[in-house]
Amino acid sequence: MTIDLTALAAPDFWIGVGIVAGIYSIFSLGLQLNVGFTGILNFGQAGFMAVGAYAMAILILKLHWPAPAAIAASTAIAMLAGIVIGAASLRLSGDYLAMATIAAAQLVGGVAQNAAPLTGGNQGLLGYDAAWAALARWMLARLRAVGLGDQSQLPLFIVTWAIFGLALALLTGLRGTPWGRVLRAIREDEAAAAALGKNVFAYKLQSLAIAAALAALAGDLLALNITLIYPQSFSADVTFIGFAVLVLGGLGSFAGVALGSVLLWTVLEAASFVRLPLAADKVAAVQMLIVGLVLIAVMVWRPEGLRGKREEMVLRG
Amino acid sequence: MASRPAAPGGAPILDVRDLCRAFGGVRAVDRASLAVERGSITALIGPNGAGKTTLFNLVTGFLRPDAGDVVFDDQPVTGRPAHVIARLGMMRTFQLTKALAAMTVLDNMLLAAQDQPAEHLARLLAGPAGWRRREAANRARALGILERFRLAAQARAYAGTLSGGQRKLLELARLLMAAPRLVLLDEPLAGVNPVLGREILAHVHALRRERGTTFLFIEHDMEAVMNNADTVIVMAQGRVIARGRPRDVRRDPAVIDAYLGAHAEDTA
Ligand SMILES: Nc1ncnc2c1ncn2[C@@H]1O[C@H](COP(=O)(O)OP(=O)(O)OP(=O)(O)O)[C@@H](O)[C@H]1O
Ligand SMILES: [Mg+2]
C-alpha cells in the first residue's frame, strides 16, 4: 500500500472533485425533494439519470438535434418517465412507489444494455459532446483573460455549480410557498392533508417529476464529464450514494445536500490515492465501505445530518 | 331505523343510505342509514367497535363503501376521493389527533385555508406575485382564530409541542379556517381535561350560532352527548339502531340492550 498525497494540493484535483460533487448535489436535490419534503421513497433516481443522459446523447448523435434542445428534451422525457411510474404506483401505498422505481431503473439499465443500435449496448455511446467542447473552449478563452486558462475542467465546474445554484434557488423558493407547505404536510401525514382538501396524489406526482428532471440534468452533466456513457455509469450504486449524500447533508435541507456531497466526494476521491493491491471490482466495494464509514461517523456526531433540523426529526417521530 | 324525518330546514345536509363495509368477515358497517339535519349538533354514539369511525371514513371518502349511498348537501359523493369531499365542504377530525406536529401552529392554520391559489404549482409559476397578499390576509385571519382559541401565544411553535387537549383545539381551529358546512368530529373530548373539553364544546356551539355550521360528533362521554346534542344517533354492530332526542334515546330499550350487550361481551 502506498500513499501519494501531492495530488491533493493540485487545483485540478479539486476541480475534478467539485464537478462530481456538483453533479451528485443536483442529483440529490431531487431525492431531497422526494424523501425530505414529500415523504416518498424514490429508489430509481439513477434510472431517471440514465434516461436523461441517454436521451441527450441519442438525440444529438442519431437525430442530430442541437445540444440545448437535446438537453431540454432529455429533462422532459425523464419527467414523463417519472409521471408514468408515479401514476402507476403512487395511488397504492408508499412501498409500491419504492418497488416501481427500483424496477423501472432496472428496466432502463436492461434497455441500455440490449438496445445496442440505439444505445451502443455495453460499449456505450460517445461523441455527443462536440457542442459542449466548443462552448468549453470559448469559456476557457475568456478564463485565460483572468489567468485561469490552463484549467481545462473549469468550464464544466462552473456550469455544474451554476445549475446547482439555480436549482437550489428554485427549490428553496418553492419550499417557502403554499405549494411547499402542502408538500410538508403530505410528508408528515397524508390523511391529514387529504382531510384538508389537498390532492395528495397530484402533489406526489409533481414532486417525482421535478426530481426526475434534476436527475436528468445531473445525467447530462455526468455524460459531459465522463465523455462516454455505458449502462454501468448509472448503476444502483449511484442512487445509494445519492441517499448517503441526503443523510449526510440532513433530511429536509436543500443546501445540506451540497455539503454532504462535497464531504463525501472529497473523502472518496482522496481515498483513491491510497493505492491498494486490489482488482477493479474490489476497489468499488472499498468505495462503498468508505461511504458507509463516513455515514456512520456523521450519524454518531450529528444524527440529523450536517444541516438537518433535529427538532423536526424528533417531532415527526 | 329507516325513519328519517325531514328536517325543518329542508333536506338533510347529510343523507346516508344502506351503507356497507366489511373487513374480511367483519361487517364493520352493515346497511347503516342516517340523516343529519342542517344546522344541527348531532351525536353518533354506540359501543366500542360499533362501526362509528368506519362510518366516518366511508362518508368522508377515506374508505370506499361496498354498497350504499352518501349524499352531502344534495350531491351524491359516494366513493369520491377524500380531498374532493373535503373541498365540497364536509371535513372531519380523526380519533387519533392529526395535528401536523413538525409544522408550526400557524402553518397548520394556513394549510387549512381553501382560497390560496399558490398551492397549485401551475398557478404559482404563472402568477408568482399575488399570492403573498392572500397569504397575509390568511395569516391575519388565522391569528384572529388562534386568539379566540387561546393558541395565539403558540402560533410560531411546532404543533408537536402542544398538549393533547391543545392539539384537539388546534384541529378545530384549523377546520374553522377552512370553513366547511358540515364538520365530523371523532371523539373530540377523549383524553381532554374537563376545562378544555367545555371550551371545545363552547366553540362548537358558537360556530353553529355564528356560521350555521352543522356538527356530527362521535362521543363516549354521555353527559356531554346529553347536554349538547340536539339529536342522537345510536349504532351497534354496524347498524343504526336508534335516532331521536337525547332524553328519548336514553330510555330506548334497544339502546340500553346494545350497551348492556356490549358490556356483557366485554366482561365475558
Ligand atoms: N381497517 C380495518 N381493518 C380491519 N378491521 C377494521 C378496520 N377498521 C375497523 N375495523 C373493525 O371494524 C369494526 C368497527 O370499528 P370502528 O373503528 O368503526 O368502531 P368504533 O365504533 O369507531 O369503535 P370505538 O368507539 O372503539 O372507536 C371493529 O370490529 C374493528 O375492529
Ligand atoms: Mg372509533
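Quick notes
- Residue check, B:A142 farther than 22 Å from A:A193 by Cβ, more than 16 Å from ligand 1 (Cβ to nearest atom) and away from chain A (no Cβ under 11 Å): no
- Residue that is farthest from ligand 2 (Cβ to nearest atom), among those in the stretch B:44-60 that are of a type in the set (S, T, N, Q) and within 14 Å of another protein chain (Cβ to nearest Cβ): B:T60
- Whichever residue in the stretch B:63-83 is more than 15 Å from B:V16 (Cβ to Cβ) and within 16 Å of the chain's Cα centre (by Cα) and, among such residues, is nearest to ligand 2 (Cβ to nearest atom): B:A82
- Extreme residue, nearest to A:L214 (Cα to Cα), among residues of the stretch A:172-199 that are of a type in the set (D, E, K, R) and more than 9 Å from chain B (Cβ to nearest Cβ): A:R175
- Any hit, the stretch A:196-204, residues being on the phi > 0 side of the Ramachandran plot, in contact with a helix residue (DSSP H, G or I) (Cβ under 7 Å, 6 or more places away or on another chain) and surrounded by 19 or more Cβ atoms within 10 Å (Cβ to Cβ): yes
A quick yes/no check of all residues on (1) loosely packed, with under 13 Cβ neighbours inside 10 Å; (2) within 15 Å of A:A50 (Cα to Cα):
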| site | (1), (2) |
| --- | --- |
| A:A81 | no, yes |
| A:A88 | no, no |
| A:D95 | yes, no |
| A:A103 | no, yes |
| A:N122 | yes, yes |
| A:G127 | yes, no |
| A:A133 | yes, no |
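- Selection status of A:L306, surrounded by fewer than 17 Cβ atoms within 10 Å (Cβ to Cβ), more than 14 Å from A:I241 (Cα to Cα) and touching a residue at least 12 places away in the same chain (Cβ under 8 Å): no
- Meets criteria (within 16 Å of ligand 2 (Cβ to nearest atom), facing chain A (nearest Cβ under 10 Å) and either among the charged types (D, E, K, R) or surrounded by fewer than 23 Cβ atoms within 10 Å (Cβ to Cβ) (or both)) for B:K98: yes
- B:R92 vs. criteria within 14 Å of another protein chain (Cβ to nearest Cβ), more than 14 Å from ligand 2 (Cβ to nearest atom) and either of a type outside the set (D, E) or in contact with a helix residue (DSSP H, G or I) (Cβ under 7 Å, 6 or more places away or on another chain) (or both): no
- Any hit, the stretch B:103-113, residues being under 30 Å from B:G10 (Cβ atoms), surrounded by fewer than 20 Cβ atoms within 10 Å (Cβ to Cβ) and within 12 Å of another protein chain (Cβ to nearest Cβ): no
- You will find that of A:E190, A:E269, the residue that is under 29 Å from B:L111 (Cα atoms) and not hydrophobic (A, V, I, L, M, F, W, C) is A:E190 and no other.
- Taken together, A:A212, A:A169, A:A244, A:A162 contain a single residue that is within 26 Å of A:T119 (Cβ to Cβ) and more than 10 Å from chain B (Cβ to nearest Cβ), which is A:A212.
- Taking first residues from the stretch B:174-196 that are within 16 Å of ligand 1 (Cβ to nearest atom) and partners that are of a type in the set (S, T, N, Q) and not in a helix (DSSP H, G or I), the Cβ contacts under 6 Å between residues at least 6 apart in sequence or on separate chains come to B:L185/B:T93; B:D186/B:T93; B:D186/B:Q95; B:E187/B:Q95.
- Qualifying residues in the stretch B:45-87 (those that are outside any loop (DSSP other than H, G, I, E, B), under 12 Å from B:V29 (Cβ atoms) and not β-branched (V, I, T)) - the one nearest to ligand 1 (Cβ to nearest atom): B:K52
Values in this text are rule-based calculations from the coordinates and carry no lab data. Please read all numbers here as calculations on a predicted model, not as lab measurements. Cβ sites come from the backbone with ideal geometry, for glycine too, and all protein chains shown count toward neighbours.
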